[in-house]
Amino acid sequence: MSVNWGALGVVTIVSLAIGVLVVVLVSLALVGLSAREPLRDGELASADDTPIIGHGRTPLSPAASTAVAALCLFGAAAIVLYGLYVIVF
Amino acid sequence: MKFAGVVSKVLLPAVLSPIIAGVVALIATYLAYRITARGADGTVKKGFKVGQIISASMVALAHGTNDAQKTMGIITLTLITAGALPADAGPPFWVILSAGLAIALGTYLGGWRIIQTLGKRVSEIQTPQGFAAETSSAAVILVSSHLGFPLSTTQVATGSIFGACAGRRLASVQWGVAGQIAVAWLLTLPAAAAVGAVAAGVASTGTVGTVIVAVVLVGMAAGIYALSRRRPVTADNVNNVPAPQPVAA
């Protein structure tokens, strides 16, 4: 019995790469978009309570953070659209 | 029967796909929570909520590229076997249309009981987990469809949801529910094979046998529907389940 392990490996690696990358890019974009909102009283500067340099939520200015967020969203959208292009055509 | 082909092309991908989806969702969820820990709560929740609209649409697309094809394939194979189509024919348009409409109708009708099990009984799912699970499911199904592996969207989505719940906190997953689902999966394949074999045997005896199979099928469908009405799960009560346990993010 011959099992096409190569194709199964491709499914694993490509799914892992795409799934994780898209979620990470969207997460980074949301952090970037959060830079416009100031930290509330009592809110920790980060999950592990380490000080964050700069404007609170990110080390970048709100404008730069928004630009990075846009880039991340663009990257996630590009990955999804390229995937659809490969599947459809 | 080409059993080796069934194992390598059907059984193995069916067994591996929920595991792969679960691992992808676990890693993606863990990273999503780590990365967005310093984000504004409102922005993060709203962002993932909007993202879920897109990721859910991708899962629906993936569902159509894989599950609908299996139905079309079986109908087309039956038509070829019966001599209604030449051996090298593709699925006729009416087969594609009916399979698509049937899947759309099934999706529209809800499957509320499955939604309740996966959305409320496994763990209390938050928007980052939902987004990660849906993205993982869509990625696994679409890549598999592209390489010609038939999968079950339900099984892949279930693996993703368990992975997403474990990615937030391992202890938040109701592993008893996971065991029940695993047993149901184990029983489904041999049960379907046995029912299919009996139905094929009876139908092959002639017209009367075919009518008997059809009548039994309709009767069983009506019985299952009647049983489901004893404790109906609808859009109104799908969320009326006690949360498994409160978990701090």
Problem set entry | In Hz, Karplus ³J(HN,Hα) per residue of region B:135-152 (6.51, -1.76, 1.60; θ = phi - 60°; x = Gly, Pro) | 5, 5, 4, 4, 5, 5, 5, 5, 5, 5, 4, 4, 9, x, 9, x, 10, 9
For this session: Shielding by partners for B:40-51, please: the mean number of other protein chain Cβ atoms within 10 Å of each residue's Cβ.
Result: 5
Problem set entry | From phi via Karplus (6.51, -1.76, 1.60), per-residue ³J(HN,Hα) for region B:222-238 in Hz, x at Gly/Pro | 5, x, 5, 4, 5, 4, 5, 6, 5, 9, x, 10, 10, 4, 6, 10, 4
Exercise. Rg (Å, one decimal) plus Dmax (Å, integer) for the alpha carbons of the protein assembly as shown?
Worked result: 23.1, 80
Problem set entry | Whichever lysines have a C-alpha closer than 27 Å to that of B:K120, once near sequence neighbours (fewer than 8 apart) are set aside | B:K45, B:K46, B:K49
Seminar exercise, completed: Expressed as a percent, the portion of alpha-carbon pairs in region B:116-220 spaced more than 21 Å apart is 53
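At a 10 angstrom cut-off on C-beta neighbours, averaged per residue, how do the peptides B:34-42, B:201-209, B:150-158 rank from highest to lowest? Don't skip to the end; give the middle numbers.
Numbers: B:34-42: 18.6, B:201-209: 11.8, B:150-158: 22.2.
The most tightly packed comes first, giving B:150-158, B:34-42, B:201-209.
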Seminar exercise, completed: Note: B:25-35 gets an average of partner chain Cβ contacts (10 Å, Cβ to Cβ) equal to 5
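Counting only other chains, and only Cβ atoms inside 10 Å, what mean value do you get across the residues of A:2-15?
Values: counts 3, 5, 7, 2, 1, 8, 9, 0, 4, 15, 8, 2, 7, 16.
Partner-chain Cβ atoms within 10 Å, mean over residues of A:2-15: 6.
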Problem set entry | For region B:1-153, radius of gyration divided by Kirkwood radius, i.e. Rg to Rh on alpha-carbons | 1.06
Seminar exercise, completed: If one builds a Gaussian network model of chain B from Cα atoms under 10 Å apart, the most fluctuating residue listed among B:V233, B:V216, B:V95 is B:V216
Problem set entry | In order through region B:177-190: 3J(HN,Hα) via Karplus (6.51 cos²θ - 1.76 cosθ + 1.60), integer Hz, x for Gly, Pro | 5, 4, x, 4, 5, 4, 5, 4, 5, 4, 7, 4, 5, x
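We did not get these values from a lab; they are worked out from the coordinates using the rules stated. Being a predicted model, the structure only gives us computed values, none of them experimental. Note that we place each Cβ from the backbone using ideal geometry, even for glycine, and neighbour counts take in every protein chain shown.
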